[in-house]
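Beneath this line is the structure, given in structure tokens, with notes to follow.
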Amino acid sequence: MLKIKNKKFYSQGKRSLVYLGTLNKKKVIIKKLKPNIKAVNTIKNEAYWLKKLEKYKFAPKLTKQGKDYVVMEFIQGERILDFLEKANKSDSLKVISKIIDICKTLDKLNITKQEMHKPVKHILIYKNNPRFIDFERSKFSKKPKNLTQFCQFLTSKKVSLILNKKGIKINEHKLRIFLKKYKSR
């Protein structure tokens with residue numbers, strides 16, 4: 001039995017309630033299925049993907065799972081848009097490059113993360129290191145689109161404005177050509 005201390009409500013999603021606590025002097029997240037939710041296996045699915053991705057170090061480390069809950073490492077950091085608004089050009093480019101590498105890794109593993117076209121709550125940045133959270137909807141896919149979706153996010157109006165202020169301009173024509181080649185691999 002886990003002895004989680006200082007457990008308190010942290011946030012909620014569509015299917016789960018999220019609590020913050022302490023286990024062995026480390027912060028953990030407890031994600032618990034909301035009562036009366038008809039979503040099937042979301043907690044089990046999250047635990048599965050956290051275990052599978054543990055060696056890649058960009059997802060939270062799984063601590064424990066139960067029928068309707070999962071306990072995982074707390075990921076410190078700020079949401080990607082908040083980071084991009086504050087970061088300088090060099091740090092922004094480094095982090096974007098690292099995120100692209102993570103998306104390529106997910107694609108190579110045939111994993112569709114979901115929501116990468118709008119990953120505002122799914123990518124946290126701490127000390128210029130991106131970490132991905134919320135894998136409950138992830139799935140195997142013969143044609144994953146993590147990189148393609150993340151590039152859609154980068155070229156969205158809001159993100160483009162943030163990047164342009166830093167002198168980062170994405171050539172959408174060249175990006176489309178690159179993505180076309182990438183998808184045909």
Item to check | Kyte-Doolittle at least -1.0, axis length at least 15 Å by Cα - qualifying DSSP helices, the chain | outcome: 42-53, 89-108
Next on the checklist: If the only charges are +1 at each Lys and Arg Cβ and -1 at each Asp and Glu Cβ, what is the size of the charge dipole of segment 5-73 around the Cα centre, to the nearest 20 debye?
Outcome noted: 120 debye
Next on the checklist: Quick query: amide H of V28 versus all other amide H atoms, modeled in the peptide plane; which residues come in under 5 Å with a sequence gap of 5 or more or a different chain?
Outcome noted: G21, T22, L23, F74
Next on the checklist: From the mean inverse distance of alpha carbon pairs (Kirkwood) and the Cα radius of gyration, derive Rg over Rh for segment 5-73.
Outcome noted: 0.96
Item to check | Sequence of S184, S92, S11 once ranked by neighbouring C-beta atoms within 10 Å, starting from the fewest | outcome: S184, S11, S92
Next on the checklist: Give the lysines reachable from K8 as a straight Cα distance under 16 Å; neighbours fewer than 8 places away on the same chain don't count.
Outcome noted: K25, K26, K27, K31, K32, K34
Checklist outcome for this item: Whole-number value, in Å³ per residue, for the convex hull of the alpha carbons of the chain is 128 Å³
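Give the order of E115, E136 when sorted by the count of other beta carbons within 10 angstrom, beginning with the fewest.
On the way: E115 17, E136 23.
Going from least to most buried by this count: E115, E136.
Here, each number is a calculation from the coordinates, and none is a lab measurement. Being a predicted model, the structure only gives us computed values, none of them experimental. Here Cβ is always computed from backbone atoms with ideal geometry, including for glycine, and neighbour counts include all displayed protein chains.
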